[in-house]
1. State all residues of the range 198-207 that are in contact with a helix residue (DSSP H, G or I) (Cβ under 8 Å, 6 or more places away or on another chain) and either in contact (Cβ under 8 Å) with a residue 40 or more places away in the chain or crowded, with 17+ Cβ neighbours inside 10 Å (or both); if no residue qualifies, say none.
2. Could you tell me whether the range 203-224 includes any residue that is in contact with a Cys (Cβ under 7 Å, 6 or more places away or on another chain) and farther than 21 Å from Y78 by Cβ?
3. Hey, R193 hits all of (1) assigned to a loop (DSSP other than H, G, I, E, B); (2) touching a residue at least 60 places away in the same chain (Cβ under 8 Å) but one; which does it fall short on?
4. Could we say that S103 is among the hydroxyl-bearing types (S, T, Y), closer than 29 Å to G17 by Cα and without any contact (Cβ under 8 Å) to a residue 40 or more places away in the chain here?
5. Can you run down the residue pairs with Cβ atoms below 8 Å, 6 or more apart or on separate chains, where the first is in the range 39-57 and at positive phi and the partner is outside any helix (DSSP H, G or I) and surrounded by 15 or more Cβ atoms within 10 Å (Cβ to Cβ)?
6. Need the failing condition index for C44 against (1) surrounded by fewer than 18 Cβ atoms within 10 Å (Cβ to Cβ); (2) modelled with pLDDT under 95, just the number.
7. Can you find, within the range 196-210, the residue that is nearest to Q139 (Cα to Cα) among those that are in contact with a Leu (Cβ under 8 Å, 6 or more places away or on another chain) and not in a loop (DSSP other than H, G, I, E, B)?
8. Kindly indicate whether any position in the range 168-184 is in a helix (DSSP H, G or I), among the β-branched types (V, I, T) and farther than 27 Å from Q138 by Cα.
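The values are calculated or read from the model by the stated rules, or taken from the named source; none is laboratory data. Note that the coordinates shown come from a computational prediction; the quantities given were computed from them, not determined experimentally. Cβ atoms come from the backbone with ideal geometry, glycine included; neighbour counts cover every protein chain shown.
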Amino acid sequence: MVLLAPSEEKASGGHTGKLVESPAQKWVREKLVELVVHGGPEACAKAFAVKDGSLIKACEEALALRHPVPLMAALERYQGVAFGALDAASLSKETWKQVFIFSNLRGLVRGDALVPPYKLKMGGIPGLKAHWRRHLSQQLALIPEGPLWELLPGEHADLLKGWSRLRHRLEIVDEAGKIVSHFSKLYRGRVARWILLHGQGAPSKVLRSKIEGCAWDGTEENSTGGADLKLVVLRGAGT
């Protein structure tokens, strides 16, 4: 299984249906609608981190959450660099059940779970991060047994503090040993694809993988009892 962060870019459209939700998901949806109705332009701009036409679209999507909405599988909805590298469309639909994505709107969603179009930054609603920190435990408990790869940036990785399950992580650095941030989504997506495509979740197997533009540089035990693998982005690899 792999854990991924959501993307800002999302596909539009889908089949209209009722959004099934837990009380924790309902709280976020209602707070988001309330923000658009009563919060004013500045609050909306902060919540969505967009402006002009994109801000209008984000507000319309939020208000639409009060009614049946277009729904689409998470791995079809989320676009962007990591998901482009993952290329879920070329993987079996059964494999989609091994992907779990942190949605600021929905919490932890499986790759084949239905997700509406939306915009929402983690800091967009007061108390949102603390809310998910309180309520994620039930969702995390549903992840099946087996090797688990936490392929998350800091903001979403913070939500897992205190979670005791053994999991493996990825450290992405350049040849000088400096943490790579700009293209890290690309390499997380490529590693996730290799794990899912080959059905190999053991760190020893992943260390023997060939990741385009990269080389492996060993492993060490992390605080969960799993392994942290170091992936070195080779000079000139770019995108």
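1. Taking the range 198-207 and keeping what is in contact with a helix residue (DSSP H, G or I) (Cβ under 8 Å, 6 or more places away or on another chain), we get 198, 200-201, 205-206.
G201, V206, listed by residue number.
2. Here is the first cut: in the range 203-224, the residues in contact with a Cys (Cβ under 7 Å, 6 or more places away or on another chain) are none.
Within the range 203-224, not a single residue is in contact with a Cys (Cβ under 7 Å, 6 or more places away or on another chain) and farther than 21 Å from Y78 by Cβ.
3. Exception for R193: condition (1).
4. Details: among the hydroxyl-bearing types (S, T, Y): yes; closer than 29 Å to G17 by Cα: yes; without any contact (Cβ under 8 Å) to a residue 40 or more places away in the chain: no.
No; evaluated as a whole, the condition is false for this residue.
5. Partner pairs satisfying both residue conditions: A49/K119; A49/K121; A49/G124.
6. Of (1) surrounded by fewer than 18 Cβ atoms within 10 Å (Cβ to Cβ); (2) modelled with pLDDT under 95, only one is false for C44: (1).
7. To start, the set of residues in the range 196-210 that are in contact with a Leu (Cβ under 8 Å, 6 or more places away or on another chain) comprises 196-197, 201, 203, 206-207.
Okay, now just the ones that are also not in a loop (DSSP other than H, G, I, E, B), so 196-197, 203, 206.
On the way: L196: 21, L197: 25, P203: 25, V206: 26 Å.
Taking the candidates together, the pick is L196.
8. Step one: list which residues in the range 168-184 are in a helix (DSSP H, G or I), which gives 184.
Narrowing further to those that are among the β-branched types (V, I, T): none.
There is no residue in the range 168-184 that is in a helix (DSSP H, G or I), among the β-branched types (V, I, T) and farther than 27 Å from Q138 by Cα.
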